Amino acid sequence: IDIHNHILPSPEAFPDFCGMFNARGYIQLQPLEEEGWAMMRQDGRDFRKVQRNCWCPETRLKEMDDQGVDVQVLSTVPVMFSYTSPPAEGLHVARFL
């Protein structure tokens, strides 16, 4: 059992929360030209480069099989918790995730 792993929606499904709420600080996920990678961006700056295993179940399951892992406990990346967001916005993000 692997008790610490993170997941994200796919870059294609990732909403533009900044545009939706007319606010700054929300993470955006932009696909990169490099196959299987995306860039998490916050306020126009690169935040973290992530691999396909963050959003692709097939990739994650193959990696689990390769590593002999039967179960993973998943949560979103902590920056997505939106602690400083107004409650209604934070609720919307939480429900999406």
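The values are calculated or read from the model by the stated rules, or taken from the named source; none is laboratory data. It should be emphasised that the depicted structure is a prediction, and the values quoted were computed from it without experimental measurement. As a convention, Cβ positions derive from the backbone with ideal geometry for all residues, glycine included, and neighbour counts pool all protein chains shown. To get the accessible areas, we keep the full protein, side chains included, count just its heavy atoms, and leave off ligands, DNA and RNA. Shrake-Rupley method; radii C 1.70, N 1.55, O 1.52, S 1.80 Å.
What to note about this one:
- Dipole of the range 19-65 computed with +1 at Lys/Arg Cβ and -1 at Asp/Glu Cβ about the Cα centre; of LEU32, ASN53, GLN42, farthest Cα towards the positive end is GLN42.
- Selection among HIS4, VAL73, TYR83 by position relative to the dipole of the chain gives TYR83 as farthest towards the positive end (Cβ unit charges, Cα centre).
- By definition, a body whose alpha carbon gyration tensor gives a ≥ b ≥ c is oblate when a/c is 1.5 or more and a/b is not larger than b/c, and the range 1-44 fits this oblate description.
- Each Lys and Arg contributes +1 and each Asp and Glu -1, all at the Cβ; summed about the Cα centre of the chain, the dipole is approximately 440 debye.
- Charge dipole magnitude, Cβ of K and R +1, D and E -1 - the range 51-97, Cα centre, debye nearest 20: 200
- Candidate values (1) 15.8; (2) 16.4; (3) 14.4, label of the one derived for Kirkwood radius over Cα pairs in Å: (3)
- Only Cα pairs under 8 Å and 6+ residues apart enter the sum, and on that basis the relative contact order of the chain stands at 33 percent.
- Over the chain, accessible surface divided per residue gives 67 Å², non-protein components excluded, 1.4 Å probe.
- Placing R0 at 25 angstrom, the Cβ-Cβ distance between ALA94 and LYS62 gives a FRET efficiency of 0.30 after rounding to 0.05.
- Shown for the chain: the carbon plus sulfur share of the solvent-accessible area, taken with all protein chains present and a 1.4 angstrom probe, equals 52%.
- Adding -39500 (n - 2.57) for every DSSP H run of four residues or longer, then dividing by how many residues the chain holds, sets the calculated 222 nm ellipticity at -7500 deg cm²/dmol.
- Bridges between two residues of the chain, per DSSP, are antiparallel at a rate of about 75%.
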